[in-house]
Amino acid sequence: MMNKAIQVDTPEPRIDPATQLLSASKVSKTVPGPEGNLSLLKAVDFAVDAGQSIAITGPSGSGKSTLLGILAGLDTPSSGTVTLGCQPFSDLDEDARAILRGRYCAFVFQHFHLVNDLNALENVMLPLELQHRSDARAEAKSWLERVGLRDRLRHFPATLSGGEQQRVALARAFAVTPKLLFADEPTGSLDHANSERIIDLLFELNRQADTALVLVTHDEALAARCDRRFQLEAGRLLTEDRRALPD
């Protein structure tokens, strides 16, 4: 199905406090398979309010990463609609989605995705510089201090531990003051002690910045800290009590 190319119709997209920050209505995703079409997501309804934290769990292959990519506008649904703020996100063309995503969202990944040739300070400065922030250096330094890396500003990713790299990634994500943070297995590459530190830090920053969190995770300790929890099974979203959401 072709998506309409709709331009972002305001210079600065609005978030109406009376509406949900992010919502998905009847979102399905179907891709070609060797024996016919393969259904990855089935009529998913989903909503996130400002400041809310939501965990999406489920076995490998259940559609978690596919759903996260569609919610973040990195992919488009085969049917259904995703709305971000007051914009029909999934109906926008790729460039318009990127603009809107850059204004609202940030990301944290399992494998950190730091730029190896940049030190910790430069990694956090990068998205701020892309926003043409004149205070990029001072803001990046402030966020690295907030995540406990005051003495690691000039260190490159290869010289940092896994827990330190994820703290740099958190500083980089929160530095742009996103309304919505997507996290894909943010503790998946960490040992137990570092996982606990990152979880505590993630929710501390969430409270301070009033940023909504949408987390894909296998980490039960992380999922248990969220306001709401859903499970994906075979492309269908289940509520906390394992009821299928209505079609």
Exercise for the section: Quickly work out the ASP49-to-ALA138 label distance, labels modelled 7 Å from Cα along the C-beta direction, and quote it in nm with one decimal. Expected result: 3.6
Handout entry: Per residue Cα convex hull volume in Å³ - calculated over the stretch 102-182
Key = 81
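Figure the gain on full extension for ASN37 and THR159 (residue separation times 0.36 nm, minus the Cα-Cα span) and round it to one decimal in nm.
On the way: separation 122, 0.36 × 122 = 43.92 nm, distance 4.55 nm.
That works out to 39.4 nm of additional length.
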Problem - Lysine pairs within the chain, Cα separation less than 23 Å, 8 or more sequence positions apart or different chains - result: 10
Problem - Top of THR211, THR83, THR30 by mean-square fluctuation, Gaussian network on the chain, Cα under 10 Å - result: THR30
Practice task
Name the most mobile residue of GLY61, GLY188, GLY36, meaning the one with the largest mean-square fluctuation, in a Gaussian network model of the chain with Cα contacts below 10 Å.
Solution key: GLY36
Completion exercise
Rounded to the nearest 10, the angle in degrees between the Cα long axis of helix 136-146 and the longest principal axis of the Cα atoms of the chain comes to 90
Practice task
Quantify, in whole percent, the carbon and sulfur part of the accessible surface of the chain (1.4 Å probe; protein heavy atoms only).
Solution key: 49
Completion exercise
Longest principal axis of the chain (C-alpha) makes with the long axis of helix 120-130 (C-alpha) an angle, in degrees to the nearest 10, of 50
Practice task
Using only Cα atoms, figure out Rg for the stretch 135-213 and give it as a multiple of 2.2 N^0.38 Å.
Solution key: 1.05
Completion exercise
For the SER28, ASP210 Cβ pair and Förster radius 30 Å, calculated FRET efficiency rounded to 0.05 is 0.40
Completion exercise
Scoring only Lys, Arg, Asp and Glu (+1, +1, -1, -1) among other residues with Cβ under 11 Å from the Cβ of GLY235 yields +3
Completion exercise
Computed from every Cα-Cα pair in the chain, P(r) in 10 Å bins starting at 0 and rounded to whole percents is 7, 31, 35, 21, 6, 0
Practice task
Under a 10 Å cutoff between Cα atoms, tell me which one of LEU181, LEU190, LEU84 has the largest fluctuation in the Gaussian network model of the chain.
Solution key: LEU190
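Can you give me the accessible area per residue for the chain, using a 1.4 Å probe, in Å²?
48
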Fill in the blank from the handout: Note on the stretch 61-136: C-alpha Rg/Rh, Kirkwood Rh, two decimals, gives 1.04
Problem - Computed label-point distance, nm, for sites ASP95 and GLN131 using a 7 Å Cα→Cβ extension - result: 2.3
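Whats the longest run of the chain with zero trypsin sites (Lys or Arg not before Pro) that are DSSP loop and have at most 12 other Cβ atoms within 10 Å? Please report the intermediate quantities before stating the final value.
Numbers: sites that count: LYS4, ARG14, ARG154, ARG242, ARG243.
Longest stretch, sites excluded: 15-153.
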Fill in the blank from the handout: For VAL115 and ASP151, extending 7 Å from Cα along the Cα-Cβ vector and measuring point to point gives, in nm, a value of 2.7
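The values are calculated or read from the model by the stated rules, or taken from the named source; none is laboratory data. Bear in mind that the values here come from a model prediction, so they are computed numbers and not experimental data. Quick reminder, even Gly has a Cβ in these numbers, built from the backbone with ideal geometry, and neighbours come from all protein chains shown. The accessibility values were calculated without ligands, DNA or RNA, using every heavy atom of the protein model including side chains. Shrake-Rupley method; radii C 1.70, N 1.55, O 1.52, S 1.80 Å.
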